[in-house]
Amino acid sequence: MPEISLASTDAELARCYPVMAQLRPHVPEREFISRVRRQAANGNYALAYAHDAGHVKSVAGFRLTESLFYGPFLYVDDLVTDQAARSKGHGDALFDWLVDYARKNGCLALALDSGVQRFAAHRFYLRKRMDILCHHFALKL
């Protein structure tokens, strides 16, 4: 069973980058730590990671927020398991940790968006009893 930790030091954030880069390859390694720090300062963003035997297996970027739709909720910006470690319980453990963290922080829901092409991720979310509630639209500026 992996251990779950919150990344607080630059060294811990750097350890998370190779896994996060599998989901966010457009984020250059040289910018990763500063972007995470900026998001944390501007919007309560945090990075949790599942690690086993000293190796990061899964990473989740998330924030506590509130909306009229959900009330207080935990929004998962990024959730990824290392491709070599998938289907071994690391993503399950991290997801369950996020649910527990949300409950402990008074959240009424956990929400995330997932790219329409991420079919394996969708099967995982449905297995974790998540519902598909809406479509997310965006306009690049």
Hey, does the stretch 66-79 have a residue that's polar (S, T, N, Q) and farther than 17 Å from G43 by Cα? no
Count - residues of the stretch 6-45 that are closer than 18 Å to H90 by Cα, in contact with a strand residue (DSSP E or B) (Cβ under 6 Å, 6 or more places away or on another chain) and not β-branched (V, I, T): 7
Counting just the residues of the stretch 66-85 that are open to solvent by 50 Å² or more (accessible area, probe 1.4 Å) and touching a residue at least 12 places away in the same chain (Cβ under 8 Å), which one comes out nearest to F32 (Cα to Cα)? Q83
Checked the stretch 115-132 for anything assigned to a loop (DSSP other than H, G, I, E, B), within 22 Å of R24 (Cα to Cα) and either basic (K, R) or open to solvent by less than 40 Å² (accessible area, probe 1.4 Å) (or both); matches are G115, R118
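Yes/no matrix, rows are residues, columns are (1) closer than 19 Å to Y49 by Cβ; (2) open to solvent by less than 40 Å² (accessible area, probe 1.4 Å):
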position	(1), (2)
L94	yes, yes
D100	yes, no
D113	no, no
C134	no, no
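The values are calculated or read from the model by the stated rules, or taken from the named source; none is laboratory data. Quick caveat, the model's predicted, so the values are computed rather than measured. Quick reminder, even Gly has a Cβ in these numbers, built from the backbone with ideal geometry, and neighbours come from all protein chains shown. What goes into the accessible areas is simple: the full protein's heavy atoms, side chains included, and nothing from ligands, DNA or RNA. Shrake-Rupley method; radii C 1.70, N 1.55, O 1.52, S 1.80 Å.
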